[in-house]
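The values are calculated or read from the model by the stated rules, or taken from the named source; none is laboratory data. Predicted model, so just to flag it, every value in this text is computed and none were measured. Here the Cβ positions follow ideal geometry from the backbone for every residue, glycine too, while neighbour counts run over all protein chains shown. Heads up: the accessible areas ignore ligands, DNA and RNA and are worked out on the full protein's heavy atoms, side chains in. Shrake-Rupley method; radii C 1.70, N 1.55, O 1.52, S 1.80 Å.
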2 protein chains.
Amino acid sequence: MTDSRRNRPYEQQLAAARKFIEDNDRFLVVAHVNPDGDAASSTSAVGWMLERLGKRFVLVNEGTMPKKFDFLWGFERMLALDELPSEERYTCIISVDCADEARIGQVKERFAADAKLLNIDHHPTNDSFGDVQLIREDAAATVEILYDLAGTLRLPVEGELAAAIYCGLLTDTGGFRYSNTTPKVMRIAAELLAGGVEGHRLAELVLEKITYAHITVLKQALNTLSFNEDRQISWITVSQDDIRLTGATSEDMDGLILYPRNIEGVEVGLLFKQTDEQTVKVSFRSNGKADVAAIAQRFGGGGHVRASGCTLKGGLQEVVERVVKEVGQSLR
Amino acid sequence: MTDSRRNRPYEQQLAAARKFIEDNDRFLVVAHVNPDGDAASSTSAVGWMLERLGKRFVLVNEGTMPKKFDFLWGFERMLALDELPSEERYTCIISVDCADEARIGQVKERFAADAKLLNIDHHPTNDSFGDVQLIREDAAATVEILYDLAGTLRLPVEGELAAAIYCGLLTDTGGFRYSNTTPKVMRIAAELLAGGVEGHRLAELVLEKITYAHITVLKQALNTLSFNEDRQISWITVSQDDIRLTGATSEDMDGLILYPRNIEGVEVGLLFKQTDEQTVKVSFRSNGKADVAAIAQRFGGGGHVRASGCTLKGGLQEVVERVVKEVGQSLR
């Protein structure tokens with residue numbers, strides 16, 4: 001509700017979250033739309049803890065949880081919105097990994113008028129919605145906060161809870177590779193491994209498995225791999241035909257842009273994705289020399305210094321030429 | 001020399017290694033031929049410690065250290081064998097990450113007749129060569145042992161030493177993904193990060209950077225991606241022409257086999273690499289259902305249950321058909 005609550009010391013926030021859970025029964029646990037690994041893992045972890053505490057609960061998401069997370073505890077109980085009884089309304093809500101209410105999506109329509117909400121999240125952009133906040137911006141993932149919450153609730157971090165927390169850490173840190181891989185993340189991981197979590201199996205399942213659509217769209221995209229003259233800019237394109245023929249979803253196209261970006265000598269990697277005949281989504285990744293937030297802004301987009309995006313009108317080839325020219329100028 | 005020395009308690013081995021270093025001056029530090037990340041990082045780490053201790057030393061490898069490790073301390077001092085003064089002979093040797101003397105390669109020719117050798121390694125297959133052994137099979141990487149040795153030598157694990165150790169852990173655990181990612185590995189990583197190591201930068205440098213030759217040979221290989229009828233077997237081929245045209249070295253082809261293996265539903269991934277008109281190297285990777293060591297053995301090769309290889313005579317297409325048929329039968 002107010003920012004003051006969020007600015008409470010972390011221990012107080014944990015205690016308030018504990019009280020919210022202990023004082024109530026029958027929770028609706030919801031993660032953000034288009035759930036990623038941390039959203040799925042956090043849903044599983046909260047469910048596991050509520051089950052241990054003998055509470056009743058429903059796990060829900062606006063859409064369907066990606067099948068790749070089917071090894072998580074409670075996966076079969078994670079309902080899509082259209083699987084919820086339509087007349088049911090819920091009064092105790094726990095949102096996980098949602099930076100604002102909009103991220104809850106249409107699940108919000110099932111909240112009772114007098115619903116109370118516990119907001120557990122790690123995004124710096126969290127707007128402190130809800131009635132009780134458990135928000136820690138310097139956590140690498142929401143599961144890191146849930147690890148602390150388990151301690152506050154005096155629940156052992158073991159078995160499927162430990163696996164869910166490890167899975168959320170793995171996915172939100174890109175396999176312990178991003179800059180959010182803090183000493184605390186590694187200490188928690190060490191403890192979970194010591195407790196028996198099969199980290200290598202989880203890494204295989206959530207980081208290494210690829211879909212058939214991913215490999216076919218990757219193959220198409222690599223056939224378009226191009227460079228500017230000095231090879232500081234590299235790009236790939238995905239046409240509407242590619243998307244249609246491969247059946248690739250946007251999840252299947254995750255990570256494509258890393259191929260041009262990671263090539264030695266490349267300063268800026270670009271991905272051009274044709275969304276309709278006259279519209280192209282452009283993603284920019286910089287290795288540090290170019291400020292791609294500034295470049296994307298010039299095209300009406302935005303983002304970060306090293307990762308940004310914009311959407312342009314025009315044919316695929318025409319957009320490629322315009323953008324590559326602009327990036328080239330900024331590298332000079 | 002003898003296995004009994006190797007079976008000394010770890011603390012005694014560390015003390016013996018310390019004595020070897022303290023009692024001598026002017027060392028030749030050598031890692032295995034075709035050095036990988038742990039070999040390069042261990043060379044750097046030992047050099048850093050010797051420098052701190054005011055010792056003289058030469059860092060050498062039979063070949064050239066891969067350029068991707070050029071950020072390591074002392075990289076510019078890591079000589080190839082042909083850069084060593086040819087008349088020079090060395091009496092104090094420290095070998096790192098070498099399971100047996102053969103792994104030292106031709107550098108051995110520069111050892112003095114009365115040379116003494118300290119063997120620091122983590123391979124279970126280490127044959128305890130040398131005069132002083134510091135061997136710990138359950139270490140994920142040789143740098144993990146060097147972390148302990150720094151403690152024994154009362155040297156702070158900081159700066160470039162910390163970065164070298166992190167780099168060796170990263171590479172030998174596949175970015176904290178393999179089953180050798182123990183709680184101890186993660187605790188050391190936590191400590192190194194807390195001390196200021198930029199783990200995400202190191203991960204980018206050693207795990208994510210790809211060569212131009214890699215991306216071009218990957219593109220060629222993906223264009224050959226094939227499946228058997230039930231899609232449990234997937235394979236890619238690299239012809240002699242592909243190797244010639246892309247200039248790919250065997251290092252550039254590292255990881256290619258993971259593409260077919262990681263596709264959902266695939267049980268066995270195969271890579272067929274044509275080494276000459278009538279010879280094909282086959283690599284097998286299993287996700288658990290098939291024992292690919294047994295399959296490779298049937299073709300005169302060998303390896304592990306989940307990772308194996310063999311070399312067959314015949315044309316590329318002919319070998320593909322023979323091997324896929326055999327794998328198919330073992331999956332039935």
When the scattering of chain B is computed by the Debye formula from its Cα atoms alone, each counted once and equally, what is log10 I(q)/I(0) at q = 0.08 Å⁻¹?
-0.43
State, to one decimal in nm and shortest first, how far the label point of B:G314 sits from each corresponding label point in the other identical copies (label point: 7 angstrom along Cα-to-Cβ).
5.3
Placing a label point 7 Å from Cα toward Cβ, how far apart in nm is B:S250 from its equivalents in the other copies, listed shortest first to one decimal?
4.4
Give me the net charge of A:N180's neighbourhood, meaning all other residues with Cβ under 15 Å from the Cβ of A:N180; Lys, Arg count +1, Asp, Glu -1.
-4
With each label point set 7 Å from Cα along the Cα-Cβ vector, what nm distance links B:F71 and B:L53?
2.8 nm
Total Lys pairs in chain B closer than 20 Å by alpha-carbon, pairs eight or more apart in sequence or interchain only?
16
Residue-level accessible surface for A:S179, protein heavy atoms, 1.4 Å, Å²:
90 Å²
Average beta carbon contacts from partner chains per residue of B:208-217, 10 Å cutoff:
5
Mind checking how much accessible area A and B bury in total, 1.4 Å probe, in Å² rounded to 100?
3900 Å²
Calculate log10 I(q)/I(0) of region A:39-176 for q = 0.11, 0.14 Å⁻¹, where I(q) comes from the Debye formula with a single equal point scatterer on each Cα and nothing for solvent.
-0.37, -0.61
Note: B:252-264 gets an average of partner chain Cβ contacts (10 Å, Cβ to Cβ) equal to 3
Over the alpha carbons of the protein assembly as shown, what is the largest minus smallest coordinate on each principal axis, giving the biggest first in Å?
88, 59, 54
Dipole magnitude of region B:214-331 about its Cα centre, charges +1 at Lys/Arg Cβ and -1 at Asp/Glu Cβ only, in debye to the nearest 20?
220 debye
So what is the relative contact order of chain B, in percent, for Cα pairs below 8 Å that sit 6 or more residues apart?
12 percent
Carbon and sulfur atoms account, in whole percent of the 1.4 Å probe accessible area of region A:213-331, for 46 percent
How big is the gap, in Å, between the Cα center of region B:202-216 and the Cα center of region A:302-332?
23 Å
From other protein chains only, count the Cβ atoms within 10 Å of every residue's Cβ in A:198-205, then give the mean.
5
Please work out the C-alpha center-to-center distance from region B:54-118 to region A:141-155 and express it in whole Å.
49 Å
Hey, how much of the P(r) for region A:92-144 falls beyond 15 Å, as a percent of Cα pairs?
41 percent
So for each of A:284-290, B:287-293 I average, over its residues, the number of other beta carbons within 10 Å; can you give me the resulting order with the highest mean first?
A:284-290, B:287-293
Rounded to whole Å², per residue accessible area for chain A with a 1.4 Å probe reads 42 Å²
Residue-averaged [θ]222 nm for the protein assembly as shown, counting only DSSP H segments that reach four residues, each worth -39500 (n - 2.57)
-11000 deg cm²/dmol
Under the convention of a label 7 Å out along Cα→Cβ, give the distances in nm from B:G196 to the same position in every other copy, shortest first.
4.2
In square nanometres and to one decimal, what's the mean projected area of the convex hull around the Cα atoms of region B:214-331?
6.4 nm²
